[in-house]
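The values are calculated or read from the model by the stated rules, or taken from the named source; none is laboratory data. None of the values given here were measured: they were computed from a predicted structure. Reconstructed Cβ throughout: ideal geometry from the backbone, glycine too, with neighbour counts over all protein chains shown. When the accessible area is computed, the model is the full protein with side chains, heavy atoms only, and any ligands, DNA or RNA have been set aside. Shrake-Rupley method; radii C 1.70, N 1.55, O 1.52, S 1.80 Å.
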Amino acid sequence: MFFGRDEKKEKRAQTVPLLPLRDIIVFPHMVVPLFVGREKSIAALKDAVAHKGPDDKAIILLAAQKKAKTNDPTPDDIFHFGTIGHVIQLLPLPDGTVKVLVEGVRRAKIKKFQPNDAFFLVEVEDVEEPLEKSVEIEALVRSVHSVFEAFVKLNKRIPPEMLMQVSSIDDPARLSDTIVAHLSLKLNDKQALLETESPAKRLEKLYELMQGEIEILQVEKKIRTRVKKQMEKTQKEYYLNEQMQAIQKELGERDEFKNEIQEIEEKLKNKRMSKEATLKVKKELKKLRMMSPMSAEATVVRNYIDWILSLPWYEETKDRLDVMEAEKVLNEDHYGLKRAKERILEYLAVQQLVQKLRGPILCFVGPPGVGKTSLARSIARATGRKFVRLSLGGVRDEAEIRGHRRTYIGAMPGKIIQSLKKAGSNNPVFLLDEIDKMSTDFRGDPSAALLEVLDPEQNATFNDHYLDLDYDLSKIMFICTANTMHSIPGPLQDRMEVIRIAGYTEAEKMSIARRYLIPKQKEANGLGDLNVTVTPKAIRTVINRYTRESGVRSLEREISAIFRKVARDVLRNGKREIRVDSRQAMKYLGVPRYRFGVAESEDQVGIVMGLAWTEMGGELLTTEATVMPGKGKLILTGQLGEVMQESAQAAVSWVRARADKFRLARKLAETNDLHIHLPEGAIPKDGPSAGVTMCTALVSALTRIPVRKDVAMTGEISLRGRVLPIGGLKEKVLAAHRAGIKTVLIPKANKKDLRDIPKKVRRALRIVPVEYVDEVLREALVLEKPEEFGVPKPAPVAATVGAAAAGETGGASA
């Protein structure tokens, strides 16, 4: 039942200045400070203060703009419902603006705008609020009180004192106006409440709006509670990320994560993989769906799935099976290396006939600079396969080969799987470079991990620790390179087909320099368009006087040095044609580093030229022996290993046992010390092949008979005087040839190895196979009557046995 406050009394109409408000609505009984900067608004305030009402209070109408961004509003831009307010305080500020404190008094409605240019002047009439009292109103007031109490508990921005103040208000009109001032409502919602004349209807709307705000606050509280449980106290950034995640979860905005999962599912559908890998990805994908996208575990699972999907399970390149074309490519890139090339061509031929063949596992062993690594790259080009290289030098962790298990932070697959991902095919040419340089420590033995990789019977089911899936490596052509075999474990050697690549001869180096090195360095130094000629004599001078190596790496550096100096001369003198002869090469390169020719210039007592094998190839090893008064001690110097020391003792024992035949006094060994020295003492030396060299040096020193200067030898000796076979014969003979030696003594059991030595080298040397030390002494010592000395007379064919075994008719005589 509604009753008017004064039904007979007409509504009052009055003319008051208007203050347009932006983003705020002032309700009755509400005291609020305002900052006013617009000229019209300041003028309206000043007019209100200048023309106070009958109760000595400045009256002004407070009405909101429809759009806050409008700087110069028109009457149509202003709501026609507002609040009559009193100006309590007006304070001009230094920047020209005004701070005003206003109090809302009652609702009012604009009837019309009066013409006025200085400010808005409006004719308004008060909005009379009906006086409503009923049980329903009383219940509504109580409900609003209860809901507001719940709202205050959830909203920490409203002080508790406000709850006490509101609870004491029973008037529906004032209650609604007081509460609405503390709600974060949209401008249109507040304006609708202001325009609602009935207090009961205002309370209903207010009740509904507060319920909505309470629901929002409860969701916020739920989000904050969930985030608080997941975060650590000091991780502010983590907290913000988790809060964003919780908001997204509440709003259902996980589109990006869903899109990522859909993308993985699409890849899985189009990717051809093994059955085991497909099931594994599906299982991991199922786990990923249930995880929070921002969790660390989800990142690990995503990375794991990405690795599996990125591997070339069945992607492969088609082999170029044309044997003639492959041979042409190999010959274009490398000179010589006949055995290695033949093995690749054999593989291609069998592949063409069988259609399916496991990839070979080859190991190129040879000194540095002979082209092992570049040959592997050339093989990839010849066969039409992708090429990947993995350097094993210094690798000491098994996980480098087989990967880390996923339980570790930052775990990744091993280098084998990583290289295959990079290659993009499951049948590349895979180079395992410097396989002899691996080492072991507490983290495991990488060479043991390679046993599975390089075993044709096992590598079809290679299991990487990270993937934990079987991967087929059997189609890969594995090529290993090494400088020496002794540091490679036996089981690993057994899995590889070893192809030895010996050093190059002088003729081969000449061809390599002419065909490959000179054109390459000429282009690299910007001389491609100039007529620069390097004579054969100049190349030979560089090979003999400035390099001493089995390969051609130093030779390439020296040629590069020549072309750099040529480039400087071209810029200085402007010449377009330059001819580099032997003399010019020596001028460019400076003082020769090595003496070419025989190692010794004359026959000497107690000095013998031995032959040694090193990782760099073959080398000449000078052995010196001397006799001096003493007590029969044997002195060994030159940093000799245990095996070499035992060879020296065996040589001394053999010489002492044959003292009568050498016409030596029996007490000579008791009254004299024997000293054997191998120069270059800083370099460790070991091995049994210097036995004949030390024995010959001892006999020469004791008998004072000189040793021929143009003879070099190698071989192990026994106490019975037999010359036993040795290894590395090809490298040793090439070293003798490089040094200008004329005669080389080798064990008779090594005749079979002469076939590996180039024909030009065999023709240039007199290679003598020997079976006993007596034969060595006959060839090495300068003897007038060998038979009187106890050395048997030479057989007429002994000097040519080695050459005949190698398919030659004879050698040059010493």
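Below is a table of values for the structure above.
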read-out: Sparse-neighbourhood loop sites, trypsin sites (Lys or Arg not before Pro) in segment 688-743 - DSSP loop, at most 10 other Cβ within 10 angstrom; value: Arg704, Arg720
read-out: With every protein chain in place, the chain: carbon and sulfur % of accessible area (1.4 Å); value: 50 percent
read-out: Which label in (1) 53.5; (2) 63.2; (3) 51.0 gives the computed mean projected area of the Cα convex hull in nm²; value: (2)
read-out: Relative contact order [Cα under 8 Å, 6+ residues apart], the chain, whole percent; value: 7 percent
read-out: Given charges at Cβ of Lys, Arg, Asp, Glu: the chain dipole, positive-most of Val776, Gly727, Met713; value: Val776
read-out: Whole-angstrom gap from segment 652-727 to segment 408-468, using each part's C-alpha centre; value: 48 Å
read-out: Neighbour net charge for Lys748 - beta-carbon separation under 12 angstrom, K R +1, D E -1; value: 0
read-out: Distance between segment 44-79 and segment 509-554 - C-alpha centres, whole angstrom; value: 98 Å
read-out: Point-charge dipole on Cβ atoms (K/R +1, D/E -1) for segment 608-732, about Cα centre, debye to 20; value: 780 debye
read-out: Nearest-20 debye value, the chain charge dipole, Cβ charges on Lys, Arg, Asp, Glu; value: 3780 debye
read-out: Where trypsin sites (Lys or Arg not before Pro) fall in DSSP loop in segment 130-236, at most 12 other Cβ within 10 Å; value: Lys133, Lys156, Arg157, Lys186, Lys233
read-out: Net charge of neighbours whose Cβ lies under 13 Å from the Cβ of Leu45, counting Lys and Arg as +1 and Asp and Glu as -1; value: +3
read-out: Under 5 Å, built H, 5+ apart or other chain: amide partners of Cys480; value: Leu362, Cys363, Phe364, Leu432
read-out: Inter-centroid distance (Cα atoms) of segment 284-353 relative to segment 182-226, Å; value: 66 Å
read-out: Whole-number accessible area per residue in Å² for the chain, which is evaluated in the context of all protein chains at 1.4 Å; value: 52 Å²
read-out: Amide H within-cut-off set for Gly641, under 5 Å, with H built and near neighbours excluded; value: Lys685, Asp686, Gly687
read-out: Using θ = phi - 60° and Karplus 6.51 cos²θ - 1.76 cosθ + 1.60, couplings along segment 528-540 (whole Hz; Gly, Pro as x); value: x, 8, 9, 8, 10, 10, 10, 6, x, 5, 5, 5, 5
read-out: Value at 222 nm in deg cm²/dmol, rounded to 500, when DSSP H runs of n ≥ 4 in the chain each add -39,500 (n - 2.57); value: -12500 deg cm²/dmol
read-out: Val723 long-range amide H proximity, modeled H, under 5 Å; value: Tyr772, Val773
read-out: Cut-off 9 Å between beta-carbons: net charge of the residues surrounding Ala376, Lys and Arg +1, Asp and Glu -1; value: +2
read-out: Coil-residue trypsin sites (Lys or Arg not before Pro) of segment 264-305, DSSP, other Cβ within 10 Å capped at 13; value: Arg272
read-out: Solitary cysteines of the chain, where the nearest other Cys Cβ is not under 4.7 Å; value: Cys695
read-out: Phi-based couplings in Hz for segment 436-451 (Karplus 6.51, -1.76, 1.60; Gly and Pro marked x); value: 7, 9, 6, 9, 10, 8, 5, 7, x, 10, x, 5, 5, 5, 6, 4
read-out: Calculated from backbone phi, Karplus (6.51, -1.76, 1.60) coupling profile of segment 721-737 in Hz, x at Gly/Pro; value: x, 7, 9, 9, x, 9, x, x, 4, 4, 4, 5, 5, 5, 5, 4, 5
